[in-house]
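Read the structure below first, then the notes.
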Amino acid sequence: MADMRGPVSNPTLLKLIREYKEGREDQVWDRILGEIALNARFLMPARLPAGLKLDSDIAQMQAGARLEFIMLANTEGQKFFLAFTDEDELRKWQTVENQQTVVVGFDDYADLVLPNADAAGFVINPYNENLTLNRELVRHLKKRKEIFLTNRTEQAVETVGVRIPVPYPDRLAGALRSYMEGDRRVRSACLLQMKREEKEGYLCVVDFQGDRREVFDQIAGAVRPFLEGAYLELVPLDNPFGQQAAALTEPFYKRKT
């Protein structure tokens, strides 16, 4: 189960969901999925077997504590596990007898949904945002996360942290896109936030043709005024680390044929 230290709140995820509902932009949707998979913690109601007591209203899965996770059915009879982003959203749920609240993350939901033929997925804040992740999306997101986290190189695991940029560097992404549209050697590119030895910067994974040094020097020169003091590391897509990092997100730039 997810780390339970501190209150559960997900301001970044809620902000992204609101932003997505306003513009329906694919880029924002991908950032939502990254936040759910890597960072978000949720409150999930469950029933406690009769006669079993835990020390807190916020429960952890314990050896022998066989909690029954509550599901919500839609109008078509499909059943979804519940995910609440904070206590305010949880209070909108009707408390059931012997209820406990479990703190969970995406991996916990994947482990509940994928082996369970009766589970259609899970729904985040069903009485407000009502964001549903169906079985197919859960499976896809789990695979992407495993590729990125499990198969990273030893060096990447030890010294580099890569994630979806929040807030998203729109000016930098715009400058990269503007340059790449004029350079036919560049096929596509992904942009991520990177932390290396306590220093924050950006990682751009580039699929390109031609001489690496020449292509990367020209990209770096074109966007240097937009870095605002941060560093930008350019990595080719055919590099193992580049492949693993690119699996976390979708390209922000793709050349039109």
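The values are calculated or read from the model by the stated rules, or taken from the named source; none is laboratory data. If you're wondering where the values come from, they're calculated on a predicted model, not measured in any experiment. Every residue, glycine among them, receives a Cβ derived from its backbone with ideal geometry; neighbour counts consider all protein chains shown. Calculation scope for accessible area: heavy atoms of the full protein, side chains included, ligands and nucleic acids excluded. Shrake-Rupley method; radii C 1.70, N 1.55, O 1.52, S 1.80 Å.
Largest accessible area first, the residues Y20, Y253 order themselves as Y20, Y253 under a 1.4 Å probe with ligands, DNA and RNA left out.
A straight Cα-to-Cα reach below 19 Å connects K256 with the aspartates and glutamates E25, D26, E181, D183, D207, residues fewer than 8 places away in its own chain not being considered. Counting only residues at least eight positions apart within a chain, or on another chain, the aspartates and glutamates with an alpha carbon under 19 Å from that of K143 are D30, E35, D107, D108, D111, E250.
Model label sites at D211 and E68, defined 7 Å from Cα along the beta-carbon direction, differ in position by 7.1 nm. About its Cα centre, the dipole of segment 196-257 is roughly 260 debye, where the only charges are +1 on Lys and Arg Cβ and -1 on Asp and Glu Cβ. With a threshold of 30 Å on the Cα-Cα distance, the over-threshold entries among K92/K199; K79/K195; K145/K254 are K92/K199; K79/K195.
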